[in-house]
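Contents: one structure, followed by commentary.
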Amino acid sequence: MAERDTKEAERWPQYPRTMLVTQGTVDNVDQDKLIVPALEAVKDMDALVIVATGGRGTEALSARYPQPNIVIRDFVDFARVLDFTDVFITNGGFGGVQLSLSKGVPMVVSGINEGKSDVNARVEFAGVGISLKTERPKPWRIAQAVQEILSNAAWRTRAQQMRDHFAAGDPAAVAAAVVEKAAGLAPD
C-alpha cells in the first residue's frame, strides 16, 4: 500500500488500498463513460475510492453510491491524494498521467478522444498502466485491470522507476536545450 498522508488519513476511513477515479476536467458531462463503470467495478472492493467529478453531478453521484468506502468530491487535490494512492483510474489526460507518474502510481486508463489514445498507448508501452482502449469501458474490464495492477508489483515498480527518472532530471535544462535546438543555437 502507498504511504498515506497523515492529514488525509485522518479525514477518510482506513482501507488496505486506495483508488483515485477521474474522468478529467473537460469531458466529464457524461459520467457513464468512465466514472460510473469505475464505481461499479470497485464499489465492493476493500478499498477507499476517491472520485473527482470536476464539479458535475457530484450530489447525484454521491446519492447513487452511498457506500462508506466511496468519497465523491467536485475537486480533489490530486498531488496530495496520489501520495497515498495505489491505482489511478483515469481517462488518460496528459496532465493527470504526468502527475500520476511523478508520484509513482500505476494507472488504468480509458480514453481515445482528444489525443488520449496516444497518451494511453504510451502508458501501456511504458509498463506503467493498462489501457482499456475505449471511451466506455465495461465495469468487468476495469475490475480486471485494477486487480492485475494490485496483484502484480511490477506495475508499481515500473511507475516508481518513472517517478525516479522524472525526479533525476533538470526540467529547466531540458527545456532550455529544446528551445536552443529549435532556435538553431544548439547542434543536432
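The values are calculated or read from the model by the stated rules, or taken from the named source; none is laboratory data. Since the model is a prediction, treat every value here as computed from it, not as a measurement. Note that each Cβ is placed from the backbone with ideal geometry, even for glycine, and that neighbours are counted across all protein chains shown. Remember, those area values only see protein heavy atoms, side chains included, never the ligands or the DNA or RNA. Shrake-Rupley method; radii C 1.70, N 1.55, O 1.52, S 1.80 Å.
Just to be sure I understand, how many residues within the range 140-167 are closer than 14 Å to Leu34 by Cα and open to solvent by 50 Å² or more (accessible area, probe 1.4 Å)?
2
Please determine, by comparing only the residues of the range 124-137 that are in a loop (DSSP other than H, G, I, E, B) and within 19 Å of Val97 (Cβ to Cβ), which one is most open to solvent (accessible area, probe 1.4 Å). Before you say what the answer is, go through the steps one by one.
Of the residues in the range 124-137, the ones in a loop (DSSP other than H, G, I, E, B) are 127-128, 132-137.
Retained after the next criterion (residues that are within 19 Å of Val97 (Cβ to Cβ)): 127-128, 132-135, 137.
Working: Gly127: 22, Val128: 1, Leu132: 7, Lys133: 131, Thr134: 33, Glu135: 31, Pro137: 7 Å².
Within the range 124-137, the match that is most open to solvent (accessible area, probe 1.4 Å) is Lys133.
Determine whether Phe94 is hydrophobic (A, V, I, L, M, F, W, C), under 30 Å from Asp170 (Cα atoms), open to solvent by 30 Å² or more (accessible area, probe 1.4 Å) and modelled with pLDDT under 90.
Details: hydrophobic (A, V, I, L, M, F, W, C): yes; under 30 Å from Asp170 (Cα atoms): yes; open to solvent by 30 Å² or more (accessible area, probe 1.4 Å): yes; modelled with pLDDT under 90: yes.
The answer is yes for Phe94.
Of all residues in the range 97-108 being among the hydrophobic types (A, V, I, L, M, F, W, C) and in contact with a strand residue (DSSP E or B) (Cβ under 6 Å, 6 or more places away or on another chain), which is surrounded by the fewest Cβ atoms within 10 Å (Cβ to Cβ)? Step through it out loud before you land on a result.
Kept after step one, since they are among the hydrophobic types (A, V, I, L, M, F, W, C), are these residues of the range 97-108: 97, 99, 101, 105, 107-108.
Among the residues that remain, those that are also in contact with a strand residue (DSSP E or B) (Cβ under 6 Å, 6 or more places away or on another chain) are: 105, 107-108.
On the way: Val105: 30, Met107: 27, Val108: 31.
Taking the candidates together, the pick is Met107.
So Val81 passes all but one of these: (1) open to solvent by 10 Å² or more (accessible area, probe 1.4 Å); (2) in a helix (DSSP H, G or I). Which condition number does it fail?
Val81 satisfies all of (1) open to solvent by 10 Å² or more (accessible area, probe 1.4 Å); (2) in a helix (DSSP H, G or I) except (1).
Taking the stated definitions as given, is Lys181 touching a residue at least 24 places away in the same chain (Cβ under 8 Å) and over 26 Å from Asp44 (Cβ atoms)? I'd like the intermediate steps shown before the answer.
Details: touching a residue at least 24 places away in the same chain (Cβ under 8 Å): no; over 26 Å from Asp44 (Cβ atoms): yes.
No, not satisfied.
Is it the case, given these coordinates, that Gly111 is buried (at least 23 other Cβ atoms within 10 Å of the Cβ) and in a loop (DSSP other than H, G, I, E, B)? Walk me through how you get there before you give the answer.
Numbers: buried (at least 23 other Cβ atoms within 10 Å of the Cβ): yes; in a loop (DSSP other than H, G, I, E, B): yes.
Yes, satisfied.
Testing Trp140 on (1) part of a helix (DSSP H, G or I); (2) within 21 Å of Val81 (Cα to Cα); (3) touching a residue at least 40 places away in the same chain (Cβ under 8 Å); (4) not aliphatic (A, V, I, L, M), one condition comes back false. Which one is that?
Trp140 satisfies every listed condition except (2).
Select from the range 161-185 the residues that are aliphatic (A, V, I, L, M) and not in a helix (DSSP H, G or I) and list them in ascending order. Spell out the reasoning first.
So in the range 161-185, the residues aliphatic (A, V, I, L, M) come out as 162, 167-168, 172-179, 182-183, 185.
Scanning the range 161-185 gives Ala183, Leu185.
Condition (residue is β-branched (Val, Ile, Thr) and over 23 Å from Tyr15 (Cβ atoms)) applied to the range 134-141: is it met by at least one residue? Spell out how you get there, then give the answer.
Of the residues in the range 134-141, the ones β-branched (Val, Ile, Thr) are 134.
Subsequent filtering for residues that are over 23 Å from Tyr15 (Cβ atoms) retains 134.
Yes.
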